[in-house]
Amino acid sequence: MTDFTRTRALFDLPQGITYLDGNSLGPLPTATADRVARTVTQEWGAQLISAWNTADWMAMPRALGDRIGRLIGAEPGQTVIGDTLSIKVFQALAAALHLNPGRRVILSDTGNFPTDLYMAEGLLKLLPDGFELRTVPPEDVAQNITEDIAVTLLTEVDYRTGRRHDMGALTRLAHDNGALTIWDLAHSAGAFPVHVAQGGADFAVGCTYKYLNAGPGAPAFIYVAPRHAEHAEPALAGWLGHKAPFAFDLNYIPGAGIERMRVGTPPVLQMAALEAALDVWEGVDLDALRARSLELADRLVAAVEASTDLALATPRDPAMRGSQVSFRHPQGYAIMQALIAAGVIGDFRAPDILRFGITPLYLSEGDIDHAAATLAQILDSRAWDRPEYRARKPVT
Ligand SMILES: *Cc1c(COP(=O)(O)O)cnc(C)c1O
């Protein structure tokens, strides 16, 4: 059994705040500040450039990749961290298209996070004519996996509604039709157990600043199935993905396996924060996390539906959702601003979605009840109906 009272004590949450936005930016683990300070003073400050060897900075992308691997069902040596998720999407896509010559269609859906689609469009501009990004409604993905698809580019959990694709079934369908799969796990890693290897995913990518709590700008990760790792062509052929970076060879030779998905110098300070964040996950049973997440989500849905007229946007079927709950309301933005002003932090996604991240590591029943009660009070009193809550901020 995982003790979620213990994990809650590992976070530095401000007094008086109920935080339901860990699906967007995870909160600060208590150990992070010291861990980062140690890297700054004892490693960078005291050891200067030798810390690349003495503090093993150069090995960290692989070591941290392996620790994320445990959370997404990968074996050691199949996951590496670096860059941001947008970059990792581009890398996976370019490698997948190269691995499936003769096919020219990328299949994605309209629920995908825009950057994934933008990265695909950007890549297509570099490729010869005839390559295409085909974007269909999420519920139509299965019927559109046809024999002309080179690769599916899908985000497992919809960032707006929390709707979850059936990764195993869609992967099998893609393979049966000769297509490869890229799974974006931005809203999966740290949200529930993921089984990339067992599910047969060809590539998986994700970020570490959402459910994994590694802080703003923390690096992304990429998983490549072992059957592809030695054949994947790195489109972003950076020196740290070279077979021998310090040979300073003028010709690029890809590194062994997952090494070739490295690009440039890794973000050492952010990696220190990621290391501290991953410590929190030691001893956390992901099945227990999932059970608790569903319990808390159901509690929030029941309370909000009993006390407000908000419309649930998240599927009710537990198998079809991730670890967030979303509601729709035409005044969603102003309502969320009023809620945040009252100390309950969720967020808003256009055009009308109020999102609440369900993160059992640091949320309790009391938090859920308080959030629902505050929301009901704001709606009853129309406290949201003020000009300052309607004014849009740059980040929603
Ligand atoms: C959060 C998120 C991103 C963000 O990409 P960055 O490059 O890290 O800014 C990309 N894709 C999905 C599906 C996301 O949820």
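Key figures
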| read-out | value |
| --- | --- |
| Cα-Cα P(r), the chain, percent of pairs per 20 Å interval | 27, 55, 17, 0 |
| Added length on full extension, which subtracts the Cα-Cα distance from 0.36 nm per residue, ASN144 to ALA256 | 36.8 nm |
| Equivalent ellipsoid dimensions for the range 283-333 as semi-axes, Å, which come from the Cα gyration tensor, largest first | 24, 11, 9 |
| Amide N of the range 378-395 lying under 13 Å from the label point, which is placed 7 angstrom from the Cα of ALA341 along Cα→Cβ | 378-379, 381-392 |
| Distance in nm between pseudo-label sites at THR54 and MET320 (7 Å out along the Cβ direction from Cα) | 5.8 |
| Mean Cβ neighbour count within 10 Å, used as a protection proxy, ranking 144-157, 120-133 highest first | 144-157, 120-133 |
| Degrees separating the helix 167-176 axis from the principal Cα axis of the chain, which is the longest one | 40 |
| Listed peptides 229-239, 212-222 by packing density, highest first (mean Cβ within 10 Å) | 212-222, 229-239 |
| Solvent accessible area, Å² - VAL263, 1.4 Å probe, full protein context | 30 |
| Whichever lysines have a C-alpha closer than 26 Å to that of LYS243, once near sequence neighbours (fewer than 8 apart) are set aside | LYS88 |
| Backbone N under 14 Å from the GLN377 label point (7 Å along Cα→Cβ), restricted to the range 329-353 | 338-345 |
| Summed side-chain charge close to PRO76 - residues other than PRO76 whose Cβ falls under 14 Å, Lys, Arg +1, Asp, Glu -1 | 0 |
| Over the range 80-143, relative contact order from alpha-carbon pairs under 8 Å, at least 6 apart, % | 39 |
| Percent carbon-and-sulfur accessible area, the chain, ignoring ligands, DNA and RNA, probe 1.4 Å | 56 |
| Convex hull volume per residue in cubic angstrom - Cα atoms of the range 257-344 | 213 |
| Nearest-ten-degree value, helix 286-307 long axis tilted from longest Cα axis of the chain | 30 |
| Linear extension gain, HIS228 paired with ALA169, 0.36 nm per residue minus alpha-carbon span | 19.2 nm |
| Only Lys, Arg (+1) and Asp, Glu (-1) charged, at Cβ; the range 33-279 dipole about Cα centre in debye | 360 |
| Tilt relative to the chain, helix 114-126 - C-alpha long axis, 0 to 90 degrees, to 10 | 30 |
| Sequence-distant lysines (8 or more away, or on other chains) whose Cα lies within less than 28 Å of LYS393 | LYS210 |
| Antiparallel bridge percentage (DSSP; both residues within the chain; nearest 5) | 55 |
| Helix-only CD estimate at 222 nm, as mean residue ellipticity for the chain, using -39500 (n - 2.57) per DSSP H run (n ≥ 4) | -10500 deg cm²/dmol |
| Solvent-accessible surface ranking, highest first, for TYR362, TYR118, TYR209 at 1.4 angstrom | TYR118, TYR209, TYR362 |
| Two-decimal ratio, the range 68-191, of alpha-carbon radius of gyration to 2.2 N^0.38 Å | 1.01 |
| Length-normalised contact order for the range 33-279 - Cα pairs under 8 Å, 6+ apart - percent | 24 |
| Pairwise centroid distance, computed over Cα atoms, of the range 96-154 with the range 248-276, Å | 27 |
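The values are calculated or read from the model by the stated rules, or taken from the named source; none is laboratory data. This one's a predicted model, so the numbers in the text were calculated from it and none came from an experiment. Note that each Cβ is placed from the backbone with ideal geometry, even for glycine, and that neighbours are counted across all protein chains shown. Accessible surface is based on the protein model in full, side chains and every heavy atom, while ligands, DNA and RNA are left aside. Shrake-Rupley method; radii C 1.70, N 1.55, O 1.52, S 1.80 Å.
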